[in-house]
1. How much length is gained on full extension from ALA2 to SER55, taking 0.36 nm per residue of separation minus their Cα-Cα distance?
2. Express the accessible area of the chain per residue in Å², computed with a 1.4 Å probe while the remaining protein chains stay in the model.
3. Karplus couplings for segment 7-21 from phi (6.51 cos²θ - 1.76 cosθ + 1.60, θ = phi - 60°), rounded to Hz, Gly and Pro as x?
4. Please list, ordered by chain and number, the residues whose modelled amide H lies under 5 Å from the amide H of CYS49; skip anything fewer than 5 residues away on the same chain.
5. Would you mind working out the magnitude of the charge dipole of the chain relative to its Cα centre, with +1 at each Lys and Arg C-beta and -1 at each Asp and Glu C-beta, to the nearest 20 Debye?
6. Figure the gain on full extension for HIS21 and VAL39 (residue separation times 0.36 nm, minus the Cα-Cα span) and round it to one decimal in nm.
7. Excluding CYS52 itself, what net charge comes from residues whose Cβ is under 10 Å from its Cβ, given Lys and Arg +1 and Asp and Glu -1?
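The values are calculated or read from the model by the stated rules, or taken from the named source; none is laboratory data. No experiment lies behind these values; they were computed from the predicted model shown. Cβ placement follows ideal geometry from the backbone for every residue including glycine, while neighbour counts extend to all protein chains displayed. Each accessible area value is taken on the protein alone, full model and side chains, heavy atoms only, with ligands, DNA and RNA left out. Shrake-Rupley method; radii C 1.70, N 1.55, O 1.52, S 1.80 Å.
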Amino acid sequence: MAKCDICGKDVKFGIKVSHSHRRSNRTWKPNVKKVKAVVNGSPKRVYACTRCLRSGKVTRAV
């Protein structure tokens, strides 16, 4: 599952272009971690991207 429950960041699609300019499909996945966080006052397991973890949008439950 590559989707952040906090900010909604998910998989993006694009085209990989080689040196000879041959094109093929590719994906970019966010760096998502399964963490135990406080949601509505109770601890819960959520998927959060590392940018949300680093910026403090997620309060980790200990």
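1. Details: separation 53, 0.36 × 53 = 19.08 nm, distance 1.90 nm.
Contour length minus the Cα-Cα distance gives 17.2 nm.
2. Working: 5100 Å² over 62 residues.
Heavy-atom accessible area per residue stands at 82 Å².
3. 9, x, 5, 9, 5, 10, 10, x, 10, 8, 10, 7, 4, 7, 6
4. ASP5, ILE6, CYS7, LYS33
5. On the way: 17 positive and 2 negative charges, 38 e Å.
Value, rounded to 20: 180 debye.
6. Working: separation 18, 0.36 × 18 = 6.48 nm, distance 4.71 nm.
Contour length minus Cα-Cα distance gives 1.8 nm.
7. Working: positive: LYS9, LYS33, ARG51, ARG54, LYS57; negative: ASP5.
So the surrounding residues net to +4.
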